[in-house]
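Step one of this worksheet: look at the structure below.
Read the figures in this text as sums done on the coordinates, not as results from a lab. Since the model is a prediction, treat every value here as computed from it, not as a measurement. Neighbour counts run over all protein chains shown; Cβ positions are idealised from the backbone, glycine included.
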Amino acid sequence: MLLNMFKLFFGTLIYTNLASLKIYQKLNQLQVDFNNFQCKLNSIKRYIMNRIGLFYAPAKGSTERIAKIIAEKIGKDKVDLILVDENTLVDALKPYDKLILGISTVGRENWDAEYKKVGWDFFLPKLDNADFTNKTVALYGLGNHILYADYFVDAMGELGQKIIEKGGKLVGFVNPDNYEFNHSKAIINNKFMGLPLDEDTQEDLSQERLNNWLKDIKTELGF
Ligand SMILES: Cc1cc2nc3c(=O)[nH]c(=O)nc-3n(C[C@H](O)[C@H](O)[C@H](O)COP(=O)(O)O)c2cc1C
């Protein structure tokens, strides 16, 4: 009877210890798996953060054509092309530390009641809720320096102001000496806040302007 009780006691002790060991080993394995998972997650994060988010609008015109040329020149494997539309959320910017934003100036809302909002008309107000801290941003803007000399690439200026207001670091300022215009909201400290392009009347100058600008922003955007 006593022997049986001893057997039962030690048997239970050994069994519980073995079970605890198994649980302990399982927990260790789980910890290793979790660490590996975290490593993979971090490398995916690093991969995305190193990519450049090129957000642009509108579609089908010069702004989109230039977006594609920029992606081609930088390397398509380094750039995500994102067309901004009414559904674009501020969260879409989150994965990117490095951004290129393309915008055209079409000031129709000033004189055309029929004007229908597109792309940046929806997204720009949403940027009030964006945080650009630790983000490096380069801008390009489409305009027409002859027909709209008093408002040349104004929209790029409005976008640039917003980025600065929200803590972003603008790069790729451009000397206005090689442009003819009367006034532009995109000028700050005697420089354009980004690259103005006039595909309507100076198409022949765009390639050289683009190449020089890309050289300027290469290091800061890390491509
Ligand atoms: C109705 C209208 C208004 C425009 N207003 C301006 C303007 O205020 N400032 C400017 O620099 N360009 C202005 N432009 C020129 C456009 O920015 C230019 O054509 C640009 O390439 C359009 O971009 P997209 O082809 O991507 O649509 C205007 C063009 C149109 C058709």
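A few remarks follow.
- Note, ³J(HN,Hα) from phi for region 96-102, Karplus 6.51, -1.76, 1.60, rounded to Hz, x at Gly and Pro: 10, 8, 10, 10, 10, 10, x
- Largest-first principal axis extents of the Cα set of the chain (Å): 108, 39, 32
- Farthest positive-ward along the chain dipole, Cα basis, beta-carbon charges - from 138, 83, 27: 27
- For residue 188, distant residues with modelled amide H under 5 Å away: 193
- log10 of Debye I(q)/I(0), alpha-carbon scatterers only, for region 62-105 at 0.34 Å⁻¹: -1.31
- Taking every DSSP bridge with both residues inside region 51-221, close to 10 percent are antiparallel.
- As a length-normalised measure over Cα pairs under 8 Å and 6 or more apart, the relative contact order of the chain settles at 17 percent.
- Screening the chain for DSSP H helices whose Cα atoms reach 15 Å or more along their own axis and whose mean Kyte hydropathy is at least -1.0 gives 2-49, 62-74, 154-165.
- Part-to-part distance (alpha-carbon centres) for region 209-223 and region 114-191, which is given in Å: 18 Å
- Of the residues 151, 74, 63, the one whose Cα sits farthest toward the positive end of the charge dipole of region 51-221, with +1 on the Cβ of Lys and Arg and -1 on the Cβ of Asp and Glu, is 74.
- In the chain, helical runs assigned H by DSSP with n ≥ 4 each contribute -39500 (n - 2.57); averaged across all residues and rounded to the nearest 500, the mean residue ellipticity at 222 nm is -15500 deg cm²/dmol.
- Its Cα centre serving as origin, the chain has a Cβ charge dipole (Lys and Arg +1, Asp and Glu -1) of approximately 1860 debye.
- Counting only trypsin sites (Lys or Arg not before Pro) that DSSP places in a loop and that have at most 13 other Cβ atoms within 10 Å, the longest clean stretch of the chain runs over 118-223.
- With q set to 0.10 Å⁻¹, the log10 of I(q)/I(0) for region 93-223, from the Debye formula over equal scatterers at the Cα positions, is -0.31.
- Ranking 217, 120, 192 by Cα position along the charge dipole of region 51-221, where only Lys, Arg, Asp and Glu carry charges on their C-beta atoms, puts 217 farthest toward the positive end.
- Computed from backbone phi with θ = phi - 60° and the Karplus coefficients 6.51, -1.76 and 1.60, the 3J(HN,Hα) list for region 182-192 is 9, 8, 8, 5, 7, 8, 9, 6, 6, 10, 6 Hz; x is used for glycine and proline.
- Whether region 177-223 is rounded, prolate or oblate, judged on the alpha carbon gyration tensor where a/c under 1.5 counts as rounded: oblate
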